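The values are calculated or read from the model by the stated rules, or taken from the named source; none is laboratory data. Since the structure is predicted, the reported quantities are computational estimates derived from the model, not experimental observations. Backbone-built Cβ (ideal geometry, glycine too); neighbour counts: all protein chains shown.
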Amino acid sequence: MSSLFTPIRVGAFDLSHRVVLAPLTRMRSELPGNVPGPAMVEYYEKRATPGGLLIAEATFVSRQGNGGFGSPGIENDAQAAGWREVVNAVHAKGATILLQLWHVGRVSHASLQPDGGVPVAPSMLDAGAGLGVLLEGQPGPATPPRALRTDEIPAIVEQYRAAAERAKGAGFDGIEIHAANGYLIDQFLQDGSNRRTDRYGGSTENRARFLFEVVDAVTTVWPSDRVGVRVGPSNSFNEMHDSNPGALFARVAAGLSERKIAYLHVIEPRVKGSAVVNDLPPVAAANLKPIFGGPIIAAGGFDGQSAEAILRSGAVDLVAFGRHFIANPDLPRRLKEGLALNPYRRETFYYGGQSGYLDYPTFDAPEAASAA
């Protein structure tokens, strides 16, 4: 039997297979208000399978933490109500769904900030050129940030706790903390973006403090076995780097192990955002697994064959799929039966309305048959 299709218990979740929907920014919330609407309900419902795990896209915990014109939020009742419709549709298919909580820090733009303000960051270092910020119409440069004062940090931790509470009220099965891809928590973690001299900067322990405070806060709302964390060791997306990533992420994995969270979600460094940038073998998850000790989800440009190989190696326990799941709403079935995959259209990942969002056919659909 394929390792992808063996059951597993991950934290509080009993899963029938190990094909995970990765959290994927798609910019299709309803505007104004950044509220999940019917299109998002249909998108997630199509990708739900009995016993499957879906991690919903990065969702801002506050307007200050928003990094995209069409990103959904979880900061108010209207947004939570929209998410409840998504959750209900996914649960009707027998799947488990978690919400990824997100604060982008410096990877934002004044037009997305409350009252046109300046984005915040651990230090007054901008995000460089990179992908830019997903503004309406096309990406644009990030607005240079200001450094957070030490006394401002507890309020941001509270934003995560409040968002976790709203996610629980919306019916989610749990949450994932986004600590990767150069967003706020990652900015605190890595010394390429953190030049602080207070208790949140300098040593590895200090730079991990903000992440651990966030996890401790959300686990006052959720049991720890319903909370996951996503990290990206050695991932350079959004101009990130660290002088000693091995030591840093070993400390992160150990601290999260102590907190007995449900899983650690690891992005392999061969992936930068939505692009594969090199052919390096996946090693980050394998390095962290013995330190963390619990279930590991790997992400990073996997297909069915490479996912099967890394599962059989014992380096990870589940595999998250992004681009292939975008283009193939019935991806678990296609992988299980060895069916051909729809190609994805990169230009519609973030822009395009329903094009590239709701129009990818399942294998049995007439469109798929005519294209075969």
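Could you list, in sequence order, the residues of segment 259-297 that are hydroxyl-bearing (Ser, Thr, Tyr) and at pLDDT below 75? Full working, then the answer.
Going residue by residue through segment 259-297, those that are hydroxyl-bearing (Ser, Thr, Tyr) are 263, 274.
Selection gives SER274 alone.
Condition check ((1) under 15 Å from the mean Cα position of the chain (by Cα); (2) of a type in the set (Val, Ile, Thr); (3) closer than 18 Å to ALA262 by Cα) across all residues:
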position: GLN159; (1), (2), (3): no, no, no
position: GLY169; (1), (2), (3): no, no, no
position: ASP173; (1), (2), (3): no, no, yes
position: GLU176; (1), (2), (3): yes, no, yes
position: LEU184; (1), (2), (3): yes, no, no
position: GLN187; (1), (2), (3): no, no, no
position: SER193; (1), (2), (3): no, no, no
position: ARG196; (1), (2), (3): no, no, no
position: GLU205; (1), (2), (3): no, no, no
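State which residue is surrounded by the most Cβ atoms within 10 Å (Cβ to Cβ) when the search covers only segment 170-210 and only residues that are in a helix (DSSP H, G or I) and hydrophobic (A, V, I, L, M, F, W, C).
So the first thing to find is which residues in segment 170-210 are in a helix (DSSP H, G or I), and the list is 184-189, 204-210.
Those left that are additionally hydrophobic (A, V, I, L, M, F, W, C): 184-185, 188-189, 208, 210.
On the way: LEU184: 32, ILE185: 29, PHE188: 27, LEU189: 29, ALA208: 22, PHE210: 25.
The residue in question is LEU184.
Considering only residues that are loosely packed, with under 15 Cβ neighbours inside 10 Å and part of a loop (DSSP other than H, G, I, E, B), which ones fall in segment 88-117?
Passing the criteria: GLY94, GLY117.
Here is a check on your reading of the model: is ALA307 surrounded by 18 or more Cβ atoms within 10 Å (Cβ to Cβ), touching a helix residue (DSSP H, G or I) at 6+ places or on another chain (Cβ under 7 Å) and assigned to a helix (DSSP H, G or I)?
Numbers: surrounded by 18 or more Cβ atoms within 10 Å (Cβ to Cβ): yes; touching a helix residue (DSSP H, G or I) at 6+ places or on another chain (Cβ under 7 Å): yes; assigned to a helix (DSSP H, G or I): yes.
So ALA307 passes the test.
Restricting attention to segment 121-141, report how many residues are more than 20 Å from the chain's Cα centre (by Cα) and either more than 16 Å from TYR350 (Cα to Cα) or assigned to a loop (DSSP other than H, G, I, E, B) (or both). Please lay out each step first, then the result.
Taking segment 121-141 as the starting set, the residues that turn out to be more than 20 Å from the chain's Cα centre (by Cα) are 122-126, 128-129, 136-138, 140-141.
Filter again for either more than 16 Å from TYR350 (Cα to Cα) or assigned to a loop (DSSP other than H, G, I, E, B) (or both), leaving 122-126, 128-129, 136-138, 141.
Here the count works out to 11.
How about segment 29-55: which of its residues are out of contact with any helix residue (DSSP H, G or I) (no Cβ under 7 Å at 6 or more places or on another chain) and buried (at least 20 other Cβ atoms within 10 Å of the Cβ)? Lay out the reasoning, then the answer.
Our first condition is that a residue be out of contact with any helix residue (DSSP H, G or I) (no Cβ under 7 Å at 6 or more places or on another chain); within segment 29-55, this holds for 30-32, 38-39, 42-43, 46, 50-51, 53, 55.
Those that are out of contact with any helix residue (DSSP H, G or I) (no Cβ under 7 Å at 6 or more places or on another chain) and buried (at least 20 other Cβ atoms within 10 Å of the Cβ): TYR43, LEU53, ILE55.
Determine which single condition PRO72 fails, assuming it passes every other condition in (1) surrounded by 24 or more Cβ atoms within 10 Å (Cβ to Cβ); (2) more than 24 Å from GLY300 (Cα to Cα).
(2)
Inspect all residues belonging to segment 120-129 and state whether any of them is buried (at least 24 other Cβ atoms within 10 Å of the Cβ) and touching an Asp or Glu at 6+ places or on another chain (Cβ under 7 Å).
Yes, segment 120-129 has at least one match.
Under the condition of being part of a strand (DSSP E or B) and either among the acidic types (Asp, Glu) or in contact with a His (Cβ under 9 Å, 6 or more places away or on another chain) (or both), which residue from segment 10-28 is surrounded by the most Cβ atoms within 10 Å (Cβ to Cβ)?
Residues of segment 10-28 that are part of a strand (DSSP E or B), as a first pass: 10, 13-15, 19-21.
Cutting the leftovers down to either among the acidic types (Asp, Glu) or in contact with a His (Cβ under 9 Å, 6 or more places away or on another chain) (or both) gives us 14, 20.
Numbers: ASP14: 11, VAL20: 27.
My answer is VAL20.
With the condition kept exactly as written, say whether any residue in segment 224-231 is modelled with pLDDT of 95 or more, closer than 30 Å to PHE13 by Cα, among the basic types (Lys, Arg) and assigned to a helix (DSSP H, G or I).
Here is the first cut: in segment 224-231, the residues modelled with pLDDT of 95 or more are 224-231.
Those left that are additionally closer than 30 Å to PHE13 by Cα: 224-231.
If we keep only those that are among the basic types (Lys, Arg) as well, we get 226, 230.
Applying the additional criterion that residues be assigned to a helix (DSSP H, G or I) yields 226.
Yes: one or more hits.
If THR220 satisfies all but one of (1) surrounded by fewer than 18 Cβ atoms within 10 Å (Cβ to Cβ); (2) of a type in the set (S, T, N, Q); (3) touching a residue at least 40 places away in the same chain (Cβ under 8 Å); (4) farther than 25 Å from ALA254 by Cα, what's the number of the condition it fails?
All conditions pass for THR220, except number (4).
Tell me which residues, restricted to segment 70-87, are outside any helix (DSSP H, G or I) and either over 17 Å from the mean Cα position of the chain (by Cα) or farther than 20 Å from LEU112 by Cβ (or both). I'd like the intermediate steps shown before the answer.
Taking segment 70-87 and keeping what is outside any helix (DSSP H, G or I), we get 70-76.
Of everything in segment 70-87, those that are outside any helix (DSSP H, G or I) and either over 17 Å from the mean Cα position of the chain (by Cα) or farther than 20 Å from LEU112 by Cβ (or both) turn out to be GLU75, ASN76.
Quick one: would you say LEU134 is over 15 Å from GLY68 (Cα atoms), among the aliphatic types (A, V, I, L, M), out of contact with any helix residue (DSSP H, G or I) (no Cβ under 8 Å at 6 or more places or on another chain) and in contact (Cβ under 8 Å) with a residue 24 or more places away in the chain?
Numbers: over 15 Å from GLY68 (Cα atoms): no; among the aliphatic types (A, V, I, L, M): yes; out of contact with any helix residue (DSSP H, G or I) (no Cβ under 8 Å at 6 or more places or on another chain): yes; in contact (Cβ under 8 Å) with a residue 24 or more places away in the chain: yes.
Taking the combined requirement at face value, the residue does not satisfy it.
When residues of segment 146-157 are filtered for being surrounded by fewer than 20 Cβ atoms within 10 Å (Cβ to Cβ) and either outside any helix (DSSP H, G or I) or under 21 Å from the mean Cα position of the chain (by Cα) (or both), how many remain?
4
Residue by residue through segment 88-119, note down the ones that are of a type in the set (A, V, I, L, M, F, W, C) and closer than 17 Å to ASN34 by Cα. Please lay out each step first, then the result.
Within segment 88-119, the first condition is being of a type in the set (A, V, I, L, M, F, W, C), and the residues that meet it are 89-90, 92, 95, 97-99, 101-102, 104, 107, 110, 112, 118.
Result: LEU99, LEU101, TRP102, VAL104, ALA110, LEU112.
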